[in-house]
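K.L.:
One structure follows; several queries about it will come next.
None of the figures in this text is laboratory data; all of them are computed from the coordinates on show. Everything numeric here is computed off the predicted structure, so don't read it as measured data. Cβ placement follows ideal geometry from the backbone for every residue including glycine, while neighbour counts extend to all protein chains displayed.
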Amino acid sequence: MIIISGPSTIGKNPFIYEVCKNFNFSYVTPLTTRQKRAEEIDKVDYTFLTKEEFKEKIRKNVIKQWDYCLKNYYGYSFDFPGDEDTITHGLSRMALRIKALYPDSITTIFLYPKSIENIMITLEKLYTGDMLLLRKTLVEEELCHSSLFDYCFTVDGLSIDLLQNDSVMGLLSKNQK
């Protein structure tokens, strides 16, 4: 199984969707309590829950892997470690915790921005006030964790351009059944 991580707006979902299409991977849909963005589809990009629904699923042990970040919960109702041809994305600290539980079954990939400044500019267009500060702080945290991932690939432009990278292609092919 592969878990993709990287800062907000790096393009994790477009990258994963292309991997699923071109390599026949199955996408593990995360759950969250954050607001759905206009372009997102419930139960496709994320399963969107209320905080009470999420907490109830934790209490019932339906959600086993979860984190609280940016005033919201994120997690999975998926039984890790999964198969070689499954892929998802997650907060870097959650991805690393899952990797620690299943070191031989999980491959972690971090998408690192060539321009951190561009990520910050994009965040400034999307958020203001406390949420902007929280988002920028999370980007810094995510970048600090990047060296702990199995692989770190620099994104210069669109994340899907990484599918032209021989190292990425070899890694994805290796993870197929």
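K.L.:
Considering each of L171, L96, L143 in turn, give the residue that is more than 17 Å from the chain's Cα centre (by Cα), surrounded by 14 or more Cβ atoms within 10 Å (Cβ to Cβ), aliphatic (A, V, I, L, M) and in a helix (DSSP H, G or I).
P.N.:
Being more than 17 Å from the chain's Cα centre (by Cα), surrounded by 14 or more Cβ atoms within 10 Å (Cβ to Cβ), aliphatic (A, V, I, L, M) and in a helix (DSSP H, G or I) holds for just one of L171, L96, L143, which is L171.
K.L.:
Which residues, taken from segment 31-54, are crowded, with 17+ Cβ neighbours inside 10 Å and either part of a helix (DSSP H, G or I) or touching a helix residue (DSSP H, G or I) at 6+ places or on another chain (Cβ under 9 Å) (or both)?
P.N.:
Residues satisfying the conditions are L31, T32, T33, D45, L49, F54.
K.L.:
If you take the residues of segment 99-129 that are within 14 Å of S147 (Cα to Cα) and of a type in the set (S, T, N, Q), which of them is nearest to the chain's Cα centre (by Cα)?
P.N.:
T108
K.L.:
Looking only at segment 50-84, count how many residues are touching a residue at least 40 places away in the same chain (Cβ under 8 Å) and under 16 Å from the mean Cα position of the chain (by Cα).
P.N.:
12
K.L.:
Moving on. Would you be able to say whether some residue in segment 61-72 is hydroxyl-bearing (S, T, Y), out of contact with any Lys or Arg (no Cβ under 6 Å at 6 or more places or on another chain) and surrounded by fewer than 18 Cβ atoms within 10 Å (Cβ to Cβ)?
P.N.:
Yes: segment 61-72 contains one or more residues that are hydroxyl-bearing (S, T, Y), out of contact with any Lys or Arg (no Cβ under 6 Å at 6 or more places or on another chain) and surrounded by fewer than 18 Cβ atoms within 10 Å (Cβ to Cβ).
K.L.:
Could you grab me the full set of residues in segment 146-168 that are among the polar types (S, T, N, Q), within 24 Å of S26 (Cβ to Cβ) and surrounded by fewer than 16 Cβ atoms within 10 Å (Cβ to Cβ)?
P.N.:
Q164, N165, S167
K.L.:
Considering every residue within segment 17-31, establish whether at least one is within 16 Å of C69 (Cα to Cα), of a type in the set (S, T, Y) and touching a residue at least 12 places away in the same chain (Cβ under 8 Å).
P.N.:
No, because not a single residue in segment 17-31 is within 16 Å of C69 (Cα to Cα), of a type in the set (S, T, Y) and touching a residue at least 12 places away in the same chain (Cβ under 8 Å).
K.L.:
Determine if segment 125-134 includes at least one residue that is touching a helix residue (DSSP H, G or I) at 6+ places or on another chain (Cβ under 6 Å) and either among the β-branched types (V, I, T) or touching a residue at least 60 places away in the same chain (Cβ under 8 Å) (or both).
P.N.:
no
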